[in-house]
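Computed from the coordinates by the stated procedures, all read-outs in this text should not be read as laboratory data. Computed from a prediction, not measured in an experiment: that's the story for all the values here. Reconstructed Cβ throughout: ideal geometry from the backbone, glycine too, with neighbour counts over all protein chains shown.
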Amino acid sequence: MRTILKVMALGAVVGGGALSGAALLSAPGGAETDAPSPRVPVLVELFTSEGCSSCPPADRVLATLIAQQPVPGALVIGLSEHVDYWDHQGWRDPYSSAGFTGRQQTYAREKFGRDQVYTPQLVVGGQEQLIGSDYKAALTSIAHVAAEGSTVNLMVTTEPHDRSLAVHAVGATPNNARIDEDVDVWIALTEDGLSHPVLAGENTGRTLAHTAVVRTLVSAGRWPRPSPHSEFRTTLTLDPAWRTDQLRVVAFAQSRSTRRVLGAASRTLAAAALL
């Protein structure tokens, strides 16, 4: 585990770019009679860096959690957020962003009572933190968060416009419950199947594989309390270098005061749908 850097503030927009195509994104709904209970979406954020020799095992942990979905009752939705404070240690991570560093620092300051951040770090549901390479601890944490259930269900529709994408997010609370706290709705675009050779720094000579790398993370707006439902619109931009068959759109609602993720959903966008 690496501890480094004092706390700073978080910006509203992280990274740059977007996705393209038409898709529907929704959180699991209520189960029918005698049907299995739906899995509770659990957002798992990995703060990582190609410049950190302790991070590749954590990258593999996140990939395993997403691919195998090993926690009964939980649907793991992953975000790999590459911080930039390792970029001065001999290797500049091409996926890094100061915005991801800011988001991690916000967790440190406002949730975990720390004045420093570290890599690799997993933050589960905005509530629990652990060393990112600790697979068993991750399973326990995901189970804890899933047991709390979701406060918000989300649906997202998208409409492509050449190199941009209009996103319309709709959220509702179960049983028309009211929300009496400040809640932000975020839209992320991630890319899977990335592989990159590292030519300097602690991982010199290694080719690192990455899953769920966040290309864009945008605040879509604040939930108008105490309304039990709301909707948000935003426009994202697609970088032509991103492979459309590896893109995933993620939406999540997060309490501004407690940092708890109240609901999340994701959907992979097939390449054919993006043409």
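In table form, for the structure just shown:
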read-out	value
Taking the range 138-227 and dividing mean pair separation by its residue count, relative contact order in percent (alpha carbons under 8 Å, at least six apart)	26 percent
D (Stokes-Einstein, µm²/s), Kirkwood Cα radius, the range 63-111, 1.567 mPa s at 4 °C	101 µm²/s
Stokes-Einstein translational diffusion, the range 130-238 - Kirkwood Rh over all Cα pairs, 0.890 mPa s, 25 °C, in µm²/s	142 µm²/s
Packing-based ranking, highest mean first, of 56-62, 186-192 given that Cβ atoms within 10 Å are counted	186-192, 56-62
By average C-beta atoms within 10 angstrom, highest first, the peptides 134-144, 72-82	72-82, 134-144
Per-peptide average of other Cβ atoms within 10 Å, ordering 99-106, 126-133 highest first	99-106, 126-133
Cα→Cβ-extended label distance, 7 Å offset, between Arg267 and Arg39, nm	1.8 nm
